[in-house]
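Inspection log for the structure reproduced underneath, given as structure tokens.
The values are calculated or read from the model by the stated rules, or taken from the named source; none is laboratory data. Keep in mind it's a predicted model, so treat the numbers as computed, not measured. Every residue, glycine as well, gets a Cβ built from its backbone with ideal geometry; the counts of neighbours run over all protein chains shown. Surface areas here come from the heavy atoms of the whole protein model, side chains and all, with no ligands, DNA or RNA. Shrake-Rupley method; radii C 1.70, N 1.55, O 1.52, S 1.80 Å.
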Amino acid sequence: MSISPKLRALTGAAALAALGAPALADTHLHILHFNDFHSRIEPINRFNSTCSAEDDAAGECFGGAARLFTLINQMRDAITAEGDPVLVLSAGDSSQGSLFFTTYGGRAEAELNDRIGLDAMAVGNHEFDNGPEGLMVFAETAEYPLVAANLDVSGNNMLAGRVVPYAVLTAGDLQVGVVGAITNDTPDISSPGPTIIVNDALESVRSSVEELQEQGITTIIALTHVGYVPEQEMAAQIPGLTAVVGGHSHTYLSATDPRREGPYPTWVDNVDGSMVPVVQAGAYSRYLGHLVLELDDDGKLMFASGDTIEINAEVQPDPEIAEWVASMAEPIEATRSLVVSESAGPIEGDRSVCRQVECQMGNLVTDAMLSRVAGQGITIAIQNGGGLRASIDEGTITLGEVLSVLPFQNTLATFELSGADVIAALENGASRLEDGGGRFAQVSGLQYTVNSTAEPGSRISDVMVMSESGFVPIDPEMIYGVVSNDFMRNGGDGYAMFRDNAINAYDFGPDVGDVVAEFLAENTPYTPYTDGRITRID
């Protein structure tokens, strides 16, 4: 097989090898996939926040709608020209993460998917951040199926009939079953509301695969938004799967990069004796995944190859898409470019850090929260690590950067809580360390130790709380003033004790992003730091 020099310059070595490999099977099915786009309509910098015009001009930025559009279309055209079938899939969480989502409520992301020409999209938990209406923004324009086998939307008048467990797609001469799944904890980490039911992902996918097999479909892709570890469990436990194309955990897999979090593809032994490839492609539009499935005459997998491709400055933005992006950016430019402070160094907010250990961004945000309400007798601040969505680089800090870190428009929530419930909250925060759960507790006014080797529910010790005389052991019987965000206060990320046991709760304080921006302005230049408030034992 041949490939144009232009496309050869854009793609990784493993992707080229897959495209250029001799025909070892009857059909090469190409899957182009991305996941966890998170509203990165504009290019991003190395901190996953909006790239400045200067950095973009210097070739230091990645992704964005216009580059993603270019690479997908160039690769799709090249593959099709060689006579091979190709599908373009999104593994969910197009929504939430930038001022484009805040301003347009998902319409920008939905339009991009339509312009790209997706073949299918898994529903991600963040598609429900604006309630069922948030997913409806996609459903009312999508010419592709929205798939989620474990999502029951029949009780919602808007969405009933608009989300399907699976779809059968035509790719060349192939009939390909695509089964969706959304993470089981969606009701805890988003806002689907009482009319949406989330069933068990693994069992729902298993049932849908069996239905497809009964229909004679032998090539079956699980397009899931459940995370790298659960996706490997599906690949191991569900007979009949050809491959798993995933998202949710933002896992960067690669066939070539030593910085990878796992191999691309990740091979998993299935209970039926086969091996199933599992793939993800990072997040924030920085990478496009290219999976090549070599199938026999019966549509069964013989081999798989491919790689993730970094969408860097070598990929030229599509001019029409770039113009569309610029027109949407005009109404938000003044807000985004407002300078609020300076930073003496990069402020680390990467999910791989803030969902596992004390991080600089967690300290900034919780310190800002506590500072805002200290006059109200509040002594403890707790912020979920999953609510921190980007880092901030050294130098000028704009409001747009702050809102990229805190895009959810959460408000400060203050309440009183017993020491025992504070400890229980920290245990909840540490209960999902293995899969990078966003519930991990960043804190201010507290010190604690987390033992990752202990069983969930027994991982927290040495909890100390700030008093007039310094840090003292927390008293389980004493009542403490706590500040958090309204998402957590209402039970989000498993913080049921905030919802059920809070005393004198008030959920309608200022926007957390505004609080952090004002704190940065009062403390400019800001110096990022960690101080040992969280000790982790491995």
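Overview of values
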quantity: Residues satisfying the stated conditions in the stretch 158-207, i.e. on the phi < 0 side of the Ramachandran plot, touching a helix residue (DSSP H, G or I) at 6+ places or on another chain (Cβ under 7 Å) and of a type outside the set (A, V, I, L, M); calculated: Arg162, Pro165, Tyr166, Gly177, Thr183, Asn184, Thr186, Asp188, Ser190, Ser191, Pro192, Thr195
quantity: Residue pairs meeting the criteria (Cβ under 7 Å; at least 6 apart or on separate chains; first in contact (Cβ under 8 Å) with a residue 12 or more places away in the chain and in a strand (DSSP E or B), in the stretch 447-472; second open to solvent by less than 50 Å² (accessible area, probe 1.4 Å) and of a type in the set (Lys, Arg)); calculated: Gln447/Arg533; Val450/Arg459; Asn451/Arg459
quantity: Close pairs from the stretch 298-324: first open to solvent by less than 40 Å² (accessible area, probe 1.4 Å), partner among the basic types (Lys, Arg) and assigned to a loop (DSSP other than H, G, I, E, B), Cβ under 8 Å, at least 6 apart; calculated: Ile311/Arg286
quantity: Tabulated pairs, the stretch 142-157, first of a type in the set (Asp, Glu), second in a strand (DSSP E or B), C-beta under 9 angstrom, 6+ apart or interchain; calculated: Asp152/Ile197; Asp152/Val198
quantity: Some residue of the stretch 250-263 being more than 21 Å from His38 (Cβ to Cβ), surrounded by 23 or more Cβ atoms within 10 Å (Cβ to Cβ) and not β-branched (Val, Ile, Thr); calculated: no
quantity: Among (1) farther than 18 Å from Pro132 by Cα; (2) in a loop (DSSP other than H, G, I, E, B), the one test that Gly193 misses; calculated: (1)
quantity: Extreme residue, nearest to Glu203 (Cα to Cα), among residues of the stretch 234-289 that are assigned to a loop (DSSP other than H, G, I, E, B) and among the acidic types (Asp, Glu); calculated: Asp272
quantity: Given (1) open to solvent by less than 70 Å² (accessible area, probe 1.4 Å); (2) touching a helix residue (DSSP H, G or I) at 6+ places or on another chain (Cβ under 8 Å); (3) not small (Gly, Ala, Ser), index of the condition Ile534 fails; calculated: (2)
quantity: Residue identified as in contact (Cβ under 8 Å) with a residue 60 or more places away in the chain and at positive phi among Gln409, Gln442; calculated: Gln409
quantity: Members of the stretch 306-332 found to be more than 18 Å from Thr103 (Cβ to Cβ) and either of a type in the set (S, T, N, Q) or touching a His at 6+ places or on another chain (Cβ under 9 Å) (or both), listed by number; calculated: Gly306, Asp307, Thr308, Ile309, Asn312, Gln316
quantity: Residue within the stretch 382-391 that is touching a helix residue (DSSP H, G or I) at 6+ places or on another chain (Cβ under 6 Å), on the phi < 0 side of the Ramachandran plot and open to solvent by 30 Å² or more (accessible area, probe 1.4 Å) present; calculated: no
quantity: Any hit, the stretch 357-364, residues being crowded, with 20+ Cβ neighbours inside 10 Å and either at pLDDT below 95 or on the phi > 0 side of the Ramachandran plot (or both); calculated: no
quantity: Given (1) part of a loop (DSSP other than H, G, I, E, B); (2) surrounded by fewer than 17 Cβ atoms within 10 Å (Cβ to Cβ), number of the condition Arg499 does not satisfy; calculated: (1)
quantity: Flag for Val516 being under 25 Å from the mean Cα position of the chain (by Cα), in contact (Cβ under 8 Å) with a residue 24 or more places away in the chain and not in a loop (DSSP other than H, G, I, E, B); calculated: yes
quantity: Subset of the stretch 420-437 [open to solvent by less than 10 Å² (accessible area, probe 1.4 Å) and either over 19 Å from Val229 (Cα atoms) or out of contact with any Phe, Trp or Tyr (no Cβ under 9 Å at 6 or more places or on another chain) (or both)]; calculated: Val422, Ala425, Leu426
quantity: Helices (runs of 4 or more DSSP H) fully within the stretch 319-414 counting 1 or more residues that are within 25 Å of Asn113 (Cβ to Cβ); calculated: 319-336, 351-354, 399-405
quantity: Selection from the stretch 415-446 of residues that are among the small types (Gly, Ala, Ser) and not in a loop (DSSP other than H, G, I, E, B); calculated: Ser418, Gly419, Ala420, Ala424, Ala425, Gly429, Ala441, Ser444
quantity: Neighbours by Cβ (under 7 Å, 6+ apart or cross-chain): first from the stretch 101-117, within 17 Å of Thr70 (Cα to Cα); second of a type in the set (Ser, Thr, Tyr) and open to solvent by less than 10 Å² (accessible area, probe 1.4 Å); calculated: Glu109/Ser39; Glu109/Ser94; Glu109/Ser95; Asn113/Ser90; Asn113/Ser94
quantity: Residue match in the stretch 452-470 (condition: buried (at least 17 other Cβ atoms within 10 Å of the Cβ), closer than 21 Å to Cys354 by Cβ, polar (S, T, N, Q) and within 24 Å of the chain's Cα centre (by Cα)); calculated: no
quantity: Check on Glu294, at pLDDT 95 or above, closer than 27 Å to Gln442 by Cα and in a strand (DSSP E or B); calculated: no
quantity: Of all residues making up the stretch 146-190, the number that are assigned to a loop (DSSP other than H, G, I, E, B) and within 12 Å of Ala122 (Cβ to Cβ); calculated: 6
